[in-house]
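Okay, so here's the structure we're looking at.
The values are calculated or read from the model by the stated rules, or taken from the named source; none is laboratory data. Note that the structure is predicted; figures quoted are calculated from it, not measured. Cβ: placed from backbone, ideal geometry, glycine included. Neighbour counts: every protein chain shown. When the accessible area is computed, the model is the full protein with side chains, heavy atoms only, and any ligands, DNA or RNA have been set aside. Shrake-Rupley method; radii C 1.70, N 1.55, O 1.52, S 1.80 Å.
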Amino acid sequence: MLLAEQVLNGAEFGIMLFLLAAGLTLVFGIMGLINLAHGSLYMIGAFAAAWAGNATGSFLMALLTGMGAAAVIGMAVEALVLRRLYARDHLDQVVATFGLILFFNEAATMLFGRQPLFARMPPWLGGSVELLPGVPYPAYRLAIIAVGLLVALGLYLLVARTRLGMLIRAGNSDREMVRALGVDIGLIYTLVFGLGALLAGLAGVMAGPVFSVQVGMGEQVLILTFVVIIIGGIGSVRGAFVGALLVGMVDTLTRAFLPGLLKLVLSTSDADAVGNGVSSMAVYLLMAAVLLWRPRGLFPAHG
Amino acid sequence: MGIGIKAFGAAALAMGLTCQAFAADPVKIGMITTLSGPGGYLGEDVRDGFQLAIDQDSGKLGGVPVAVEVEDDGLKPGAAKDIAQRMLASEHIKLMTGIIFSNVAGAVVPDILDAGAFYVSPNAAPSGFAGKDCNKNYFVVAWQNDALHEAAGEYANQLGYKKMFILAPNYQAGKDSLGGFKRTYKGEVVGEIYTKLDQTDFAPELAQIRDAKPDAVFQFEPGGLGITFLKQYVQAGLMDKIPMVLASPSMDARTLGAVGEAALGVQVASHWNSDFDNAANKQFVAAYEAKFHRTPTYYAAMGYDTARLIGSALKATGGDVDKADAFRAALRKADFPSVRGAFKFGANQHPIEDWYELKVVKGEDGKPILKTVGTIYKDRGDAYAAECKM
């Protein structure tokens with residue numbers, strides 16, 4: 001029963017990561033841009049939603065404001081800053097987008113102050129659902145899982161079944177050829193970046209009632225997000241989905257059960273120390289193992 | 001009559017001159033604190049509380065003009081060390097304060113003391129400096145780090161909890177907190193978990209807590225971690241079943257604002273609360289709220305107390321920090337009305353103070369507030385004072 005609950009926890013955490021990773025992997029894979037400021041867009045989504053939610057009391061307004069703010073600011077940043085970086089090497093991109101992190105953190109501090117914000121939980125999701133007898137599971141976390149699955153399905157349909165998706169896939173495998181065929185690749189880039197920002201904003205909105213809405217919240221999850229897209233294969237939405245679930249599961253299950261299992265063979269304090277150490281590393285060990293086995297990730301997007 | 005006016009004019013002129021002489025040479029105070037990042041509001045409150053005391057005394061402390069230089073350490077010990085070096089070496093600052101985090105204090109305080117300057121801590125108080133590494137120029141206004149967790153342990157005893165589940169982040173202050181809690185808690189610890197310092201999802205730990213069926217939970221998840229933990233704890237439906245005991249860093253007026261109603265019922269061990277009924281505190285809380293439009297946290301209260309303690313010593317020595325022995329003796333007396341009420345220094349120059357039971361309840365306007373409901377300890381010092389040989 002505990003196992004079932006922890007598996008659900010792992011799935012939920014994984015799906016939260018997927019919402020962030022999907023946008024990042026599209027941007028990274030298609031545009032070849034390392035965007036460290038992806039976490040800032042997540043923060044913008046969370047802050048805008050918390051602000052709108054507190055001002056209007058409506059979760060719908062919070063959702064629309066959060067996603068809208070992230071998408072609009074994302075596209076503005078793409079047009080003003082990132083467009084100049086596509087041709088340059090990754091180090092320049094890292095430096096510039098790191099600068100954006102500092103800029104957005106400071107801007108959020110100036111606008112909202114240094115203390116964490118209160119983010120309203122929609123009352124109809126405030127309760128818990130008894131999935132298994134005796135194990136109430138928070139309804140909000142089930143909602144996160146549902147939203148994540150919908151986003152995954154929507155992205156799959158978009159990428160696999162639409163003309164825009166075809167162009168995205170084409171841009172992913174041979175950007176020069178797409179340009180040569182007369183497609184406005186700049187517009188596609190802006191749209192893809194806007195889509196990534198929208199998803200980051202959605203993740204921020206969903207995270208608000210569960211996590212602490214504070215300056216720097218994006219950097220906390222950014223590293224895990226990169227781990228996810230590296231495991232999944234850069235540029236692949238399917239990879240991001242599988243990678244995110246893997247990372248969520250491994251992280252949750254090792255934290256939950258490893259110390260207990262080690263206690264069977266080690267003394268309590270040793271088991272705690274080793275268990276804590278290994279479970280903190282588990283995600284990175286997973287990444288190393290996957291890269292040894294498949295150096296380009298599980299589902300490499302470039303043929 | 002004419003002569004009278006002239007004399008008055010001359011006297012006024014003379015007074016103006018002396019005032020100018022003072023104003024040109026205020027006592028410099030270096031404040032290194034954390035103003036950026038998720039912990040930034042802690043330093044902001046210490047700074048604002050400190051500044052409030054100066055503003056109330058029109059730019060002075062204890063009647064002596066002061067100039068405070070505030071620098072942000074960004075929670076980076078290396079950066080804080082550089083700032084301290086500059087303040088000590090090129091600006092000849094003899095009096096420093098402000099550090100929030102113990103890891104920063106551990107790196108910076110030895111440099112300050114080696115340079116012969118004074119350090120008066122508004123918050124950080126790692127065990128080393130309270131025990132064998134204590135120093136005659138090192139004072140702590142808030143507490144010794146372990147004391148708050150010891151108070152929480154005793155609070156759990158008094159509440160009659162027989163089985164506790166305890167957790168904290170896996171770093172030095174987290175380990176100290178669980179160690180401090182276990183030092184005074186007499187019941188059984190049925191589960192002990194160290195979480196990650198950058199953790200955002202506590203669902204696995206919450207499932208373990210539910211499974212262990214403790215009487216109550218003690219957690220030391222400071223700042224944003226604690227907000228996240230509390231939100232998820234309530235959403236998992238645990239708050240109604242398993243009550244929570246906290247040390248004050250896990251629940252202050254600002255975190256309460258971010259958690260909201262979810263925090264109702266949480267029990268906090270603290271040395272200060274905004275509702276304390278003493279004259280010094282009442283005027284402090286009123287003045288702080290009027291100036292900054294927010295309820296002061298204990299960080300703000302400690303910033304204020306630190307400034308007033310420094311003021312008392314400046315007054316006693318006429319503002320001459322270079323007379324180190326006299327200044328130190330004046331600091332030791334702690335001759336100021338603390339917002340906590342009873343307050344004095346122990347042999348290791350850490351506080352001997354009372355600890356209180358607080359509870360999060362609904363305030364008059366329906367918003368949750370921290371309410372003082374009882375006393376945990378009277379005149380409590382810390383566990384390390386005996387190791388201090390000065």
Of the residues that make up segment A:14-35, is at least one surrounded by fewer than 24 Cβ atoms within 10 Å (Cβ to Cβ), at positive phi and in contact (Cβ under 8 Å) with a residue 24 or more places away in the chain?
yes
Kindly evaluate A:L19 against the criterion of being in a loop (DSSP other than H, G, I, E, B), within 25 Å of A:I231 (Cα to Cα) and at pLDDT 90 or above.
no
Filter result (closer than 15 Å to B:A152 by Cβ and of a type in the set (D, E)) within segment B:355-373
B:E357
Any idea how many residues of segment B:8-61 are within 14 Å of chain A (Cβ to nearest Cβ), open to solvent by 30 Å² or more (accessible area, probe 1.4 Å) and at pLDDT 75 or above?
2
With the first residue restricted to segment A:1-12 and required to be facing chain B (nearest Cβ under 9 Å) and open to solvent by 20 Å² or more (accessible area, probe 1.4 Å), and the second required to be among the polar types (S, T, N, Q) and in a helix (DSSP H, G or I), Cβ contacts under 9 Å at 6 or more apart or on different chains are A:L2/B:Q208
Sole exception among (1) open to solvent by less than 40 Å² (accessible area, probe 1.4 Å); (2) closer than 25 Å to B:W272 by Cβ; (3) touching a residue at least 60 places away in the same chain (Cβ under 8 Å) for B:I93, by number:
(2)
Using beta carbons and a limit of 6 Å, which pairs, at least six apart or on different chains, have the first residue in segment B:307-333 and open to solvent by 70 Å² or more (accessible area, probe 1.4 Å) and the second one not acidic (D, E)?
B:K315/B:G62; B:K315/B:G63; B:A316/B:A330; B:K323/B:T317; B:R332/B:F345
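Please tell me if B:D133 is surrounded by fewer than 23 Cβ atoms within 10 Å (Cβ to Cβ) and within 12 Å of chain A (Cβ to nearest Cβ).
Answer is no for this residue.
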Hey, does segment A:252-263 have a residue that's over 22 Å from A:E12 (Cβ atoms), out of contact with any strand residue (DSSP E or B) (no Cβ under 6 Å at 6 or more places or on another chain), without any contact (Cβ under 8 Å) to a residue 24 or more places away in the chain and assigned to a helix (DSSP H, G or I)?
yes
Residue satisfying all of: in segment B:184-198; assigned to a loop (DSSP other than H, G, I, E, B) and touching a residue at least 24 places away in the same chain (Cβ under 8 Å); farthest from the chain's Cα centre (by Cα) among these
B:G187
Would you tally the residues in segment A:187-213 being within 14 Å of chain B (Cβ to nearest Cβ) and assigned to a helix (DSSP H, G or I)?
4
Within segment B:185-208, the residues that are more than 9 Å from chain A (Cβ to nearest Cβ), open to solvent by less than 20 Å² (accessible area, probe 1.4 Å) and not hydrophobic (A, V, I, L, M, F, W, C) are B:Y185, B:G191
Suppose we filter segment B:225-253 for residues that are more than 12 Å from every other protein chain (Cβ to nearest Cβ), of a type in the set (V, I, T) and touching an Asp or Glu at 6+ places or on another chain (Cβ under 8 Å); how many remain?
1
So, A:A69, is that one within 22 Å of A:F18 (Cα to Cα), away from every other protein chain (no Cβ under 14 Å) and free of Cβ contacts under 8 Å to residues at least 40 places away in the same chain or not?
no
Report the residue count in segment B:86-135 for those that are in a loop (DSSP other than H, G, I, E, B) and within 16 Å of the chain's Cα centre (by Cα).
9
Check B:Y138, B:Y155 and return the single one that is buried (at least 24 other Cβ atoms within 10 Å of the Cβ), hydroxyl-bearing (S, T, Y) and at pLDDT 90 or above.
B:Y155
Matching residues in segment A:214-242 - criterion: being in contact with a Pro (Cβ under 9 Å, 6 or more places away or on another chain), assigned to a helix (DSSP H, G or I) and open to solvent by 20 Å² or more (accessible area, probe 1.4 Å):
A:Q220
Taking segment B:360-381 only, how many residues are among the polar types (S, T, N, Q) and buried (at least 16 other Cβ atoms within 10 Å of the Cβ)?
1
Looking at B:L331, is it touching a Lys or Arg at 6+ places or on another chain (Cβ under 8 Å) and of a type in the set (A, V, I, L, M, F, W, C)?
no
Filter segment B:158-183 for residues that are modelled with pLDDT of 90 or more and either part of a strand (DSSP E or B) or touching a Leu at 6+ places or on another chain (Cβ under 6 Å) (or both) and give the result.
B:K163, B:M164, B:F165, B:I166, B:L167, B:A168
Quick one: how many residues across segment A:243-277 are open to solvent by 50 Å² or more (accessible area, probe 1.4 Å), β-branched (V, I, T) and more than 11 Å from chain B (Cβ to nearest Cβ)?
2
Given the structure, is A:A50 part of a helix (DSSP H, G or I), within 12 Å of another protein chain (Cβ to nearest Cβ) and within 29 Å of A:T109 (Cβ to Cβ)?
yes
Residue tally, condition open to solvent by less than 40 Å² (accessible area, probe 1.4 Å) and more than 28 Å from B:A316 (Cα to Cα), over segment B:62-76
2
Selection within segment B:62-79 - away from every other protein chain (no Cβ under 14 Å), of a type in the set (G, A, S) and not in a helix (DSSP H, G or I)
B:G62, B:G63, B:A67
Counting only residues that are aromatic (F, W, Y) and under 16 Å from the mean Cα position of the chain (by Cα), segment A:139-162 contains a total of 0
